[in-house]
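These notes concern the structure reproduced below.
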Amino acid sequence: MAFTIAIDGPAAAGKGTISRAVADHFGFAHLDTGLLYRAVGRKMLDGIAPIEAAENLVAEDLQDDSLRTPEVAQAASKVAVIPEVRAALVDFQRAFGRRSGGAVLDGRDIGTVICPEAEAKLFVTASAEVRADRRFRELIGNGLDVRFDDVLADVRERDARDMNRADAPLKPAADAVTIDTSKLDIEAAISAAISAIEAKRGIS
Ligand code: CDP
């Protein structure tokens with residue numbers, strides 16, 4: 001049985017942690033679609049044309065240790081504006097969404113463009129300061145030498161680019177349940193997500 005859960009939201013909103021926990025809870029497969037754009041961004045930084053990189057992406061490209069750095073995040077949001085890059089990544093994401101056994105995809109355009117028929121859609125958000133604070137701690141925890149102000153600027157800049165692009169801009173699907181995690185700890189955010197999905201499972 002296919003059951004698709006779409007989880008979208010702005011940078012560092014906690015989509016990754018929530019998506020992994022939701023996938024574990026329901027026994028579904030999980031795809032972090034941001035990694036696809038980060039892998040294309042990484043290749044652009046290495047001098048490869050973004051469209052060519054997107055059309056030839058392979059599984060090993062998603063293993064690169066540098067994909068979580070702010071530099072690659074910025075490059076990802078730049079290549080994500082290019083319609084041909086987005087188009088090259090659509091089929092893989094859609095096929096993943098319809099795999100039997102259930103799937104959780106997190107990103108920016110899953111509920112709106114990639115899987116508009118998803119049975120459950122969440123839009124996970126939080127204030128820019130809270131998101132930047134979480135990302136700052138995560139990057140420091142990973143041993144990166146970053147300043148809070150730079151992380152906040154990165155989050156704001158990417159949000160603006162993601163929301164204002166013409167192709168598949170970041171926005172909640174009309175039928176998405178919004179979860180604002182600004183005042184929720186991770187356990188509460190995961191519970192809220194699971195409850196919202198359970199409600200949809202009951203009626204699907
Ligand atoms: O982890 P974080 O929320 O900071 O970013 P990400 O989900 O890894 O996404 C990195 C960048 O890829 C975003 O800023 C978007 O520009 C782009 N992206 C996208 O356009 N569409 C998606 N479905 C996922 C990511």
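Remarks
- Number of positions in the stretch 130-155 that are surrounded by 15 or more Cβ atoms within 10 Å (Cβ to Cβ) and not aromatic (Phe, Trp, Tyr): 13
- Within the stretch 114-129, the set of residues being open to solvent by less than 40 Å² (accessible area, probe 1.4 Å) and not in a loop (DSSP other than H, G, I, E, B) comprises Ile114, Ala120, Lys121, Leu122, Phe123, Val124, Thr125, Ala128.
- Selected residue (only one of Ile51, Ile110, Ile18 is among the β-branched types (Val, Ile, Thr) and more than 30 Å from Ser191 (Cβ to Cβ)): Ile51
- Annotation: Arg158 fulfils all but one of (1) buried (at least 17 other Cβ atoms within 10 Å of the Cβ); (2) among the charged types (D, E, K, R); (3) away from the ligand (no atom under 14 Å from the Cβ); the unmet one is (3).
- Tally of residues being open to solvent by less than 50 Å² (accessible area, probe 1.4 Å) and within 20 Å of Ser127 (Cα to Cα) across the stretch 161-170: 3
- Matching residues, the stretch 80-106, being near the ligand (Cβ under 10 Å from one of its atoms), aliphatic (A, V, I, L, M) and closer than 23 Å to Glu198 by Cα: Leu105
- Only one of the numbered conditions (1) more than 22 Å from Arg131 (Cα to Cα); (2) of a type outside the set (S, T, N, Q); (3) touching a strand residue (DSSP E or B) at 6+ places or on another chain (Cβ under 9 Å) is violated by Pro50, and that is (3).
The values are calculated or read from the model by the stated rules, or taken from the named source; none is laboratory data. No experiment lies behind these values; they were computed from the predicted model shown. Note: ideal-geometry Cβ built from the backbone for every residue, glycine included; neighbour counts use all protein chains shown. Remember, those area values only see protein heavy atoms, side chains included, never the ligands or the DNA or RNA. Shrake-Rupley method; radii C 1.70, N 1.55, O 1.52, S 1.80 Å.
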